[in-house]
Amino acid sequence: MTTAREIWVVVAGMAAANFLLRFAPMSLVSRTRLPEPVQRWLSYVPVSVMASLVATEILRPGGTWLITMRNPYLLAAAPTALVFVKTRSFLGATLAGMVSFLAFRALLG
Amino acid sequence: MSVPAAEAPPAPASKRARFARGLRLGLPILLGYAPVGLTFGILARKSGFSAFQAIACSATALAGAGQFIALSVLSAGGGVPAVLMATAVVNLRYVLFSAALAQSLPREPRILKPVLAFTLTDETFAVNTTDARGCTLDVVSATGVGAIAWLGWVGGTALGALAAGAIVDPSRFGAEFAMPAMFTALLAGQIETRTHAAAAVIAAAVALASSALLSGSWGMIAGATLGAALAAWWLR
């Protein structure tokens, strides 16, 4: 059984570990100018991260493949993207996505 | 958002207005985090955390998947080193995000840099890099994004930890699609050129293929690093 004291050690350790992962690269990198190829690579990291997240969350929700036209995650992604492209509003697109997800899930049982 | 790139450095707005703008930009993150934080609060109580410990963990780590894996390692009888190793591996992608974000950080004010680092997550990274669009990031606005994300995560955890059990099922409101919806919108906003689209396709394919084989967030890390590398060095 985990004691209260162990849990506090875990809490403190997790705070330290996660801050270190996030802060060390930022403070090291901003002091030096990175080589041009590395800068170019980093400039494509955001779009690649987004695509990786979207693909796995939509086609493997909960960690299992769901490649069918009855996948509410996949179906709801289309109106979400459409609303964002039309309105440029993240909040609007997120809400539209949640509503269409509920609708698709209800329709498909 | 739709400001042309050349004007991206913020117009001379007050700090308060820039912070408020960040809060608005980050509002979808709050929507996505609250239900997941709530789940963490409930599970943490079941794993032997007190309500205060659960809230303190969310408030100081702000680590999403890293916190869930910690619970499962603890429940499986893993010691403190195993827990810390697991949370670090799951959140290794922050190293990548942190280095990428550093490219669009202004020199000053230095004092906000640790705050930005502390609130760096998949979602705040996505919102902030989209907002900066390859130019200099407005760090005051980015602090607002971080603040509201933190509020959603910690508030959700508090709700779950204090009211564990007596809660309506958040999936009734479509909460499990809040995060995918936001990522979809962010992805749509990030695709500016053909090379960006190619990076996205490669990243998605690699992430899917490897997430079927690898555990944790390794699939995503593989997709992100390879997709960006091929787009940057091979396709341009």
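FYI, it's all coordinate maths here, none of it is from the lab. Note that this is a predicted model, so its numbers are computed, not measured. Using ideal geometry, Cβ is built from the backbone for each residue, glycine included, and neighbour counts are taken over all protein chains shown.
Counting only aspartates and glutamates at least 8 places from B:Lys15 when in the same chain, those with an alpha carbon closer than 13 Å to its own are B:Asp138. In this calculation the C-beta distance from B:Trp233 to A:Met69 is compared with R0 = 41 Å, giving a FRET efficiency of 0.65.
Which length gain, in nm to one decimal place, applies between B:Ala163 and B:Ala13 when the Cα-Cα distance is subtracted from 0.36 nm times their residue separation? Each step should come with its number before you reach the end.
Details: separation 150, 0.36 × 150 = 54.00 nm, distance 4.10 nm.
Using 0.36 nm per residue and subtracting the Cα-Cα distance, I get 49.9 nm.
For the peptide B:193-205, the mean number of other protein chain Cβ atoms found within 10 angstrom of a residue's Cβ is 5. From helices alone, chain B scores -22000 deg cm²/dmol at 222 nm; the rule is -39500 (n - 2.57) for each run of n ≥ 4 DSSP H residues, then divide by the residue total.
Seen against the Cα atoms of chain B and their longest principal axis, helix B:139-162 is set at about 20 degrees.
Quick check: from the Cα gyration tensor, does the stretch B:191-236 come out rounded (a/c under 1.5), prolate or oblate? Let's see the in-between values first.
Details: a/c = 2.94, a/b = 2.28, b/c = 1.29.
Because a/c hits 1.5 or more and a/b exceeds b/c, the stretch B:191-236 counts as prolate.
For chain B, the longest principal axis of the C-alpha atoms and the axis of helix B:218-230 are separated by about 10°. For the options B:Ser50, B:Ser58, B:Ser141, a Gaussian network treatment of chain B with springs between C-alpha atoms closer than 10 Å singles out B:Ser50 as fluctuating the most. A simple spin-label model places the labels of A:Arg5 and A:Leu20 2.3 nm from each other, with each point 7 Å out along Cα-to-Cβ.
State whether the protein assembly as shown is rounded, prolate or oblate according to the following rule on the C-alpha gyration tensor (a ≥ b ≥ c being the square roots of its eigenvalues): a/c under 1.5 gives rounded; otherwise a/b larger than b/c gives prolate, and the remaining case gives oblate.
On the way: a/c = 1.39, a/b = 1.17, b/c = 1.19.
Verdict is rounded for the protein assembly as shown.
Using a simple spin-label model with points 7 Å from Cα along the Cα→Cβ vector, what separation in nm is obtained for B:Ser47 and A:Thr32? Reported label-point gap for B:Ser47 and A:Thr32 is 3.6 nm. For chain A, a/c is not less than 1.5, where a ≥ b ≥ c are the root eigenvalues of the C-alpha gyration tensor, and a/b does not top b/c. That puts it in the oblate class.
Modelled spin-label separation between A:Thr87 and B:Cys135, with each label point placed 7 Å from Cα along the Cα-to-Cβ direction: 2.5 nm.
Summarise the partner chain shielding of B:224-231 as one whole number: the mean count of Cβ atoms from other chains within 10 Å of each residue's Cβ. Don't jump to the answer; show the numbers that get you there.
Working: counts 10, 5, 2, 7, 11, 6, 3, 7.
Across B:224-231, the average partner-chain Cβ count within 10 Å equals 6.
Of all aspartates and glutamates in the structure, those lying under 19 Å Cα to Cα from A:Lys86, and not within fewer than 8 positions of it along the same chain, are B:Asp131, B:Glu192. Roughly what angle does helix B:93-102 make with the longest principal axis of chain B, taking Cα atoms, 0 to 90 degrees, to the nearest 10? That works out to roughly 30 degrees.
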